[in-house]
Amino acid sequence: MAQGVWTIAEQRDGAIRKITYEIVSEGRRLADALGQELTVVLLGSNIKDKAGELGQYGADKVLVCDDPKLDPYTTDAYASVISGLVKEGDPAILLLGASVEGKDLSGRLAAKLDVAMAQDCTVFAIEDGNLVATRPIYAGKAYAKVTFENSFPQMGTARPNVMSLVEPDASRSADIADADFSLDDGALKTKVVDVVKDESGKIDLTEADKIVSGGRGMKGPENYNILEELADLIGASVGASRSAVDAGWRPHSDQVGQTGKVVSPNLYVACGISGAIQHLAGMSTSKVIVAINKDEDAPIFQKADYGVVGDLFDVVPALTEEVKKYL
Amino acid sequence: MNIIVCLKQVPDTESQIKIGSDGVSIVTDDIKWVMNPYDEFGVEEALKLKEKFGGEVTVVGLGPKRVTESIRTALAMGADKGVLVTDDALEGSDALATAKAIAAAIKDLEYDVIFTGQRGVDDDQGLVGAAVAELLDIPQLSLITKVEVAEDGNTVKVERPIEGETLVIESSLPALITAQKGLNEPRYASLPGIMKAKKKPLEEKSLGDLGLDASEFGADARKLKILELTPPPAREAGKIVEGETPQEKAAELAKLLHEEAKVL
Ligand SMILES: Cc1cc2nc3c(=O)[nH]c(=O)nc-3n(C[C@H](O)[C@H](O)[C@H](O)COP(=O)(O)OP(=O)(O)OC[C@H]3O[C@@H](n4cnc5c(N)ncnc54)[C@H](O)[C@@H]3O)c2cc1C
Ligand SMILES: Nc1ncnc2c1ncn2[C@@H]1O[C@H](COP(=O)(O)O)[C@@H](O)[C@H]1O
């Protein structure tokens with residue numbers, strides 16, 4: 001019978017990504033609920049020295065796949081290696097992060113394993129020994145509680161920034177083993193030929209702890225500097241509504257909403273955004289929502305924990321001054 | 001160059017979602033059905049490739065008869081022909097089963113590139129594209145914002161933004177590409193386009209026509225079981241921050257964010 005919880009680690013340039021600690025933490029909780037072991041699969045090139053960190057977050061075992069062909073990530077190489085290991089190891093639960101890489105990999109992996117998958121979950125639980133996952137659908141307009149029927153491993157991905165991290169414990173260590181795998185060169189049909197770094201150095205909206213977003217009320221691209229100033233000060237990334245993106249003020253990658261990014265920061269500050277249903281859908285899992293809008297009837301105020309009725313061109317610069325007191 | 005675009009029909013993003021009395025489905029009475037917005041990007045990109053390389057664009061949709069309307073929209077934008085996989089036994093199928101039927105419908109067609117959306121804005125799974133690629137044993141390139149097919153038509157170079165960087169990926173063709181926002185600006189159907197679309201071929205296929213066993217599809221065969229749908233957790237009614245001047249309001253807000261919300 002399928003046993004144990006497995007999570008797939010995500011690393012970039014040899015550094016473990018935060019989403020990995022989130023799913024390892026969640027995997028630990030599920031493994032404890034089942035009374036079973038947590039195994040983390042770590043793939044990359046010259047990556048083995050990172051395995052120890054995963055132990056501190058709760059992994060019992062780390063299976064290391066070290067091969068130059070596993071760096072950088074490609075769907076074909078990772079899906080091929082991991083599906084082989086999963087078939088062999090027969091875990092009961094398989095968790096990945098719903099980052100871009102995790103979404104790409106999980107879909108292919110589910111299909112290769114011919115199992116069901118619950119994408120972008122916000123809650124996992126064990127009920128009667130089985131995995132039950134909760135996931136927002138219709139971009140958060142409803143939530144679905146799902147489970148798996150004759151489908152092992154029970155597979156899910158976790159929305160970034162949602163699962164709480166365990167405190168790493170330096171006294172814990174995992175059993176680290178080299179995985180036995182083979183990678184057929186001929187099966188690899190895709191190759192990363194270039195990597196273009198985002199010069200802004202800002203954290204992607206999907207992983208940001210704080211977001212300051214501007215909509216049509218910003219009146220033009222030149223005014224985003226007031227949001228950037230506030231954002232820089234509090235360590236936030238800058239987002240936008242679709243209207244601002246469609247107007248060409250901000251790049252597509254900044255759009256928050258049902259047809260943009262779905263975000264879950266600790267703090268979301270919506271400036272000059274009315275709160276259309278498609279926008280709300282993308283940010284409603286934010287922990288604290290602030291709205292700054294001059295129209296007191298703007299729908300955004302119905303979702304905001306703190307609303308400021310006023311002209312953003314006065315309020316935002318004043319807020320930037322005021323927050324300095326608390327930093 | 002032959003291109004296939006998978007098209008899913010979804011509730012218009014304006015739709016309020018109400019949960020049905022069975023607790024596991026949504027009320028569809030007032031819903032306006034539209035082409036998944038990410039599939040519009042797929043149609044547009046397919047048409048651009050056709051303009052450059054020639055060939056045919058085939059739209060493949062799976063669902064009830066109403067999906068015909070969205071396929072006609074794609075034909076009006078300029079696609080050449082449509083296939084609708086429709087069968088009562090498909091009702092309630094999960095993503096994996098859906099992908100199996102779509103792959104069966106595509107497998108005997110000629111294709112160099114297949115487009116799907118990166119996710120349906122209904123159940124937000126983002127699974128069908130990868131599963132179709134796996135079933136057809138071709139590479140998948142997900143969440144793509146730029147597509148450049150080589151002059152010889154044998155390889156493709158794409159861009160995939162990931163957190164903090166953009167990857168440039170090269171792949172052999174045929175390949176399946178899932179469209180992400182930013183790929184292009186979809187065109188509108190023109191009036192002559194709409195007239196022409198009425199005469200373009202649109203074929204219907206049942207599971208039987210595809211040689212598939214109906215018992216592997218539909219709600220009863222789901223591997224992902226829906227236990228319950230619930231409305232999103234209600235957000236507590238918020239506070240309007242008081243103050244006579246913008247400065248006072250800003251000072252009060254900063255204090256609340258620090259002392260009460262503890263996010264500063
Ligand atoms: C298929 C589809 C998908 C969509 N997907 C998305 C999506 O993913 N994300 C998204 O955001 N939208 C999406 N939309 C668009 C959405 O319906 C709205 O049109 C959009 O969100 C509105 O953006 P906005 O709030 O910036 O602009 P508006 O609705 O025009 O609101 C501007 C707000 O700014 C306020 N304002 C103006 N000046 C000031 C000032 N000086 N100080 C303070 N406040 C001021 C106004 O009171 C107003 O409330 C989608 C639409 C469709 C049809
Ligand atoms: N029923 C369907 N018919 C045709 N294409 C589909 C269907 N379901 C999903 N797809 C394709 O797969 C993409 C992702 O959908 P999903 O995996 O359901 O989120 C969609 O944008 C479509 O391109």
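Structural remarks
- The C-beta contact set for segment B:171-185 (first residue within 8 Å of chain A (Cβ to nearest Cβ) and under 14 Å from B:ILE114 (Cβ atoms), second residue more than 16 Å from ligand 1 (Cβ to nearest atom) and of a type outside the set (A, V, I, L, M), distance under 6 angstrom, 6+ apart or interchain) comprises B:SER171/A:LYS189; B:SER171/A:THR190; B:SER171/B:PRO139; B:SER172/A:LYS189; B:SER172/B:THR155; B:ALA175/B:PRO139.
- Where strands (runs of 3 or more DSSP E) sit wholly within segment A:143-258, those with at least 3 residues that are open to solvent by less than 20 Å² (accessible area, probe 1.4 Å) and within 26 Å of B:ALA133 (Cβ to Cβ) occupy A:154-158.
- With respect to being in a loop (DSSP other than H, G, I, E, B) and not assigned by TED's automatic domain parsing to the domain that holds A:ASN161, A:PRO265 fits the description.
- For segment B:58-101, filtered to residues that are more than 14 Å from chain A (Cβ to nearest Cβ), open to solvent by 30 Å² or more (accessible area, probe 1.4 Å) and assigned to a helix (DSSP H, G or I), the residue that is nearest to ligand 1 (Cβ to nearest atom) is B:THR73.
- The residues in segment B:203-229 that are open to solvent by less than 40 Å² (accessible area, probe 1.4 Å) and among the hydrophobic types (A, V, I, L, M, F, W, C) can be counted, and the count is 6.
- Being touching a Lys or Arg at 6+ places or on another chain (Cβ under 9 Å) and more than 11 Å from ligand 2 (Cβ to nearest atom) holds for only one residue in B:LEU127, B:LEU135, B:LEU96, and it is B:LEU135.
- Close pairs from segment B:219-232: first within 7 Å of another protein chain (Cβ to nearest Cβ), partner among the hydrophobic types (A, V, I, L, M, F, W, C) and in a loop (DSSP other than H, G, I, E, B), Cβ under 7 Å, at least 6 apart: B:LYS223/A:VAL115; B:LYS223/A:ALA116; B:LEU224/A:ALA116; B:ILE226/B:VAL24; B:GLU228/B:VAL24; B:LEU229/B:VAL24
- Top-ranked residue in segment B:237-254 [being of a type outside the set (S, T, N, Q) and more than 13 Å from A:VAL290 (Cα to Cα); ranked as farthest from the chain's Cα centre (by Cα)]: B:GLU244
- Residue within segment B:4-13 that is on the phi > 0 side of the Ramachandran plot and assigned to a loop (DSSP other than H, G, I, E, B) present: no
- The number of residues in segment B:164-185 that are part of a loop (DSSP other than H, G, I, E, B) and touching a Leu at 6+ places or on another chain (Cβ under 9 Å) comes to 2.
- Scanning segment B:234-256 for residues that are within 7 Å of chain A (Cβ to nearest Cβ) and part of a helix (DSSP H, G or I) yields B:PRO246, B:GLN247, B:LYS249, B:ALA250, B:ALA251, B:LEU253, B:ALA254, B:LEU256.
- Residue under evaluation B:LEU173, criteria (1) within 28 Å of A:ASP114 (Cα to Cα); (2) within 16 Å of ligand 2 (Cβ to nearest atom); (3) in contact with an Asp or Glu (Cβ under 6 Å, 6 or more places away or on another chain), criterion not met: (2)
- Scan of segment A:279-291 for residues that are more than 6 Å from ligand 1 (Cβ to nearest atom) and outside any loop (DSSP other than H, G, I, E, B), ordered by number: A:LEU280, A:ALA281, A:MET283, A:VAL288, A:ILE289, A:VAL290, A:ALA291
- Flag if A:GLN119 is out of contact with any helix residue (DSSP H, G or I) (no Cβ under 6 Å at 6 or more places or on another chain), surrounded by 24 or more Cβ atoms within 10 Å (Cβ to Cβ) and within 7 Å of chain B (Cβ to nearest Cβ): yes
- Neighbours by Cβ (under 6 Å, 6+ apart or cross-chain): first from segment B:9-30, farther than 11 Å from A:GLN258 by Cβ and assigned by TED's automatic domain parsing to the domain that holds B:THR98; second aliphatic (A, V, I, L, M) and part of a loop (DSSP other than H, G, I, E, B): B:LYS18/B:VAL27; B:GLY20/B:VAL27; B:ILE26/B:ILE17
- Residue in segment A:46-75 that is farthest from A:ALA170 (Cα to Cα), counting only those that are open to solvent by 40 Å² or more (accessible area, probe 1.4 Å) and free of Cβ contacts under 8 Å to residues at least 60 places away in the same chain: A:PRO68
- Check on B:GLU185, acidic (Asp, Glu), within 22 Å of the chain's Cα centre (by Cα) and surrounded by 20 or more Cβ atoms within 10 Å (Cβ to Cβ): no
- The C-beta contact set for segment A:224-239 (first residue polar (S, T, N, Q), second residue open to solvent by 50 Å² or more (accessible area, probe 1.4 Å) and not in a helix (DSSP H, G or I), distance under 6 angstrom, 6+ apart or interchain) comprises A:SER237/A:LYS202; A:SER237/A:ILE203.
- Residue within segment A:279-295 that is small (Gly, Ala, Ser), open to solvent by 50 Å² or more (accessible area, probe 1.4 Å) and more than 7 Å from chain B (Cβ to nearest Cβ) present: no
- Scanning segment B:19-34 for residues that are touching an Asp or Glu at 6+ places or on another chain (Cβ under 8 Å) and either under 24 Å from B:GLY126 (Cβ atoms) or of a type in the set (D, E, K, R) (or both) yields a total of 5.
The values are calculated or read from the model by the stated rules, or taken from the named source; none is laboratory data. Source: prediction; values computed, not measured. Backbone-built Cβ (ideal geometry, glycine too); neighbour counts: all protein chains shown. Ligands, DNA and RNA are stripped out before the accessible areas are found, and what is left, the full protein with its side chains, is counted by its heavy atoms. Shrake-Rupley method; radii C 1.70, N 1.55, O 1.52, S 1.80 Å.
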